[in-house]
Amino acid sequence: MKKKVLLMGKSGSGKTSMRSIIFANYIARDTRRLGATIDVEHSHVRFLGNLVLNLWDCGGQESFMEQYFASQKDNIFRNVEVLIYVFDVESRELDKDMHYYQSCLEAILQNSPDAKIFCLVHKMDLVAEDQRDIIFKEREEDLKRLSKPLECTAFRTSIWDETLYRAWSSIVYQLIPNVKALEHSLNYFANVVDADEVLLFERATFLVISHCQRKQHRDSHRFEKVSNIIKQFKLSCSKLGAKFSSMEVRNSIFAAFIDTFTSNTYVMVIMSDPSIPSEATLINIRNARKYFEELENPNSMNAANAIHSAHAARGMVNGGSSHYYSHHPHQHQQLPQQFLQQQQQQQQYHNANNPYH
């Protein structure tokens, strides 16, 4: 399944830098050596196995922009699923930026009226911190007004913090097939294992593609922070010739498990009950894998119902190779005895500085 994504904006707005960070594993400081995009750069990014993002990174020099709206109009704007328009928050040619943006909208309306529109107000790190909310709200209101009759969703972004991951996670979420079944099954899994939260990350980009939250948390940006931290850790591992597979972080307040899940995802499970053995959570992750593999297959639209029916029939804690272990205290006796005996030996304690501390 291929979906066309247009990445547009004036030259120097930061389009190629953000694309390189999200999809090509660049770190922010290395994007300084990237040159300007000439005409249109095409890339095919495989995402969740069956989904392929046909990404068109369109150079923003004036000569190219004029061609996009004239001789190349039909080719550029036909069959577009998503338009992402990037604005440099410190641009001195805001009127021209808005003119080009409106030209994009007119072309989209003619050629791809069902496309989703996203505007990224970029390089927000250059704005004084106490002015960021004010400036973004002003730009967002202007963009929503100028976008009518189409609707746009605006994000503030910077390559130097987690806001870039937040924006791209939200954008990619709109393109994932079978996403409602995926969310339904993730909620079901979280309830069964008694997790505070469960996050699902796309394997290559580490963008959050789905999550379930069963307890309130004060940090609304924690998902993007985790994406950023773990992706940087993965890159550090690869530079040393090591392969990142899984991680457990535990202290007196919570335990966090990050593990390979399906062939295209990682899962993060947050637990706050110290009486639950690590091994039980890891077994439940392992036993859920094949069901989520089915969900990623577009031919398995009934996979979510299959999870429900299969585990309801087993009563959740019966024997067999594909059951979950219950985490409720009165059912702990049904866990294998060796798990309980080895719990203290195998727990890993880390005083990690992370959003869940």
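The values are calculated or read from the model by the stated rules, or taken from the named source; none is laboratory data. Given the structure is predicted, the values throughout are model-derived calculations rather than measurements. Cβ placement follows ideal geometry from the backbone for every residue including glycine, while neighbour counts extend to all protein chains displayed. Quick note on the areas: whole protein, heavy atoms, side chains included, nothing else; ligands and nucleic acids left out. Shrake-Rupley method; radii C 1.70, N 1.55, O 1.52, S 1.80 Å.
Taking Lys and Arg as +1 and Asp and Glu as -1, the other residues whose beta-carbon sits under 14 Å from that of ALA24 total +3. By accessible area, using a 1.4 Å probe on protein heavy atoms only, region 1-74 has 45% of its surface on carbon and sulfur.
Across region 280-288, coupling constants 3J(HN,Hα) worked out from phi with the 6.51/-1.76/1.60 Karplus curve, θ = phi - 60°, read 5, 5, 5, 5, 5, 4, 4, 6, 7 Hz, and Gly and Pro carry x. Per-atom-type breakdown for region 146-242 gives carbon and sulfur 52% of the accessible area (1.4 Å probe, protein chains only). Of the cross-linked pairs LYS148/LYS215; LYS2/LYS116; LYS215/LYS243; LYS2/LYS225, those separated by over 27 Å at the C-alpha level are LYS148/LYS215; LYS215/LYS243; LYS2/LYS225. Our note on the geometry: Cα centres of region 155-189 and region 82-124, 21 Å apart.
Solvent-accessible surface of region 1-155, averaged per residue with a 1.4 angstrom probe and all protein chains in place: 49 square angstrom. Mean separation of Cα pairs under 8 Å and 6 or more residues apart, divided by the residue count, gives region 212-264 a relative contact order of 18 percent. Under 14 Å of direct C-alpha separation, and excluding same-chain neighbours fewer than eight residues apart, LYS73 reaches these aspartates and glutamates: ASP39, GLU106. Residue-wise HN-Hα couplings along region 231-245, as the Karplus relation 6.51 cos²θ - 1.76 cosθ + 1.60 with θ = phi - 60° gives them from phi, are 5, 5, 5, 4, 5, 5, 4, 5, 5, 8, x, 9, 10, 6, 10 Hz; Gly and Pro carry x.
Highest mean packing first, where packing is the average number of other Cβ atoms within 10 Å per residue, the peptides 205-213, 124-132 line up as 205-213, 124-132. Across region 185-195, coupling constants 3J(HN,Hα) worked out from phi with the 6.51/-1.76/1.60 Karplus curve, θ = phi - 60°, read 5, 5, 4, 4, 4, 4, 5, 5, 8, 6, 8 Hz, and Gly and Pro carry x. Separation of region 42-74 and region 202-227 by C-alpha centroid, Å? About 28 Å separates the Cα centre of region 42-74 from the one of region 202-227.
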